[in-house]
Amino acid sequence: MDNATYGSGTVRPEQKSGLPTFVQWPAFPFHGDFRLKPIDPPVPREPERRGSDPADCVSCKGRDEDYLWSNERWRLKAPHEPSGLPVVVVLEPRAHLDLGDLSSMHAAELGLLTVRLERAVRSLESVSQVHVNRWGDGTAHLQQWFLGRPTGYLQMRGPFMTMWDEILPPVDRRQWQSDLAYIAAWMDED
Ligand SMILES: [Zn+2]
């Protein structure tokens, strides 16, 4: 991790306490006295993720009307309510597939759509950078997240932006709806 960008360089007094250096980075949202949680031992067998059975998969059951944008093989959704970041959208394949399951055609389309979405979100005045993430721990159906960092908020650069999304007050609802409509229109353009 590049702590020259996000943090305080090579000064690491906190390491004496067993804490990682990132607790001192400007981007880390909290300050005060911290203690590490005990690390759970690894489980012998990992549990199924949500939607491992397609019959129970929320993404597969979702209607197109609940999505911000869709085409033959992909759909894009936004949360029901605005959150702290200007834009948070999630790209999903229409079929019940995870990242490693994608055909060459799906993979090529994901690349094109990722670039197009990044461009669309970053073109908003309210956004400076777009974080593109796929974690895959929670759900079996591929979800690729696009999170817009608010313009000028250098403190939010880096890996803690999902925390800031819940810390910042929700953005203005009308502006949020307008930005989402703009992104959907951009996705329809070739
Ligand atoms: Zn599914």
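The values are calculated or read from the model by the stated rules, or taken from the named source; none is laboratory data. Owing to the predicted nature of the structure, the values given are computational and were not obtained by experimental measurement. Quick reminder, even Gly has a Cβ in these numbers, built from the backbone with ideal geometry, and neighbours come from all protein chains shown. SASA here: full protein model, heavy atoms, side chains in, ligands and nucleic acids out. Shrake-Rupley method; radii C 1.70, N 1.55, O 1.52, S 1.80 Å.
Results, tabulated for the structure shown:
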quantity: Leading residue by the ranking (nearest to Ala107 (Cα to Cα)) among those in region 17-76 that are within 16 Å of the ligand (Cβ to nearest atom) and among the hydrophobic types (A, V, I, L, M, F, W, C); calculated: Trp74
quantity: Cross-chain or 6+ apart pairs with Cβ under 6 Å, region 15-33 first and assigned to a loop (DSSP other than H, G, I, E, B), then modelled with pLDDT under 90 and open to solvent by less than 100 Å² (accessible area, probe 1.4 Å); calculated: Leu19/Phe34; Trp25/Tyr6; Trp25/Gly7; Ala27/Tyr6
quantity: Total residues in region 34-63, condition free of Cβ contacts under 8 Å to residues at least 24 places away in the same chain and open to solvent by 60 Å² or more (accessible area, probe 1.4 Å); calculated: 19
quantity: Residue check for Arg75: modelled with pLDDT of 95 or more, open to solvent by less than 30 Å² (accessible area, probe 1.4 Å) and among the charged types (D, E, K, R); calculated: yes
quantity: Among residues of region 89-106, those that are surrounded by fewer than 12 Cβ atoms within 10 Å (Cβ to Cβ) and either away from the ligand (no atom under 16 Å from the Cβ) or within 20 Å of Tyr67 (Cα to Cα) (or both), counted; calculated: 2
quantity: Qualifying residue in region 171-181 (condition: surrounded by 18 or more Cβ atoms within 10 Å (Cβ to Cβ), in contact (Cβ under 8 Å) with a residue 60 or more places away in the chain and touching a helix residue (DSSP H, G or I) at 6+ places or on another chain (Cβ under 6 Å)); calculated: no
quantity: Residue selected from region 170-186 under the condition part of a helix (DSSP H, G or I) and under 18 Å from the mean Cα position of the chain (by Cα), by the criterion nearest to Arg119 (Cα to Cα); calculated: Ile183
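Yes/no matrix, rows are residues, columns are (1) in a strand (DSSP E or B); (2) open to solvent by less than 40 Å² (accessible area, probe 1.4 Å); (3) within 16 Å of the ligand (Cβ to nearest atom); (4) not assigned by TED's automatic domain parsing to the domain that holds Leu68:
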position	(1), (2), (3), (4)
Ala108	no, no, no, no
Val115	no, no, no, no
Ala120	no, yes, no, no
Glu125	no, no, no, no
Gln129	yes, no, no, no
Val132	yes, no, no, no
Gly136	no, yes, yes, no
Gly148	yes, yes, no, no
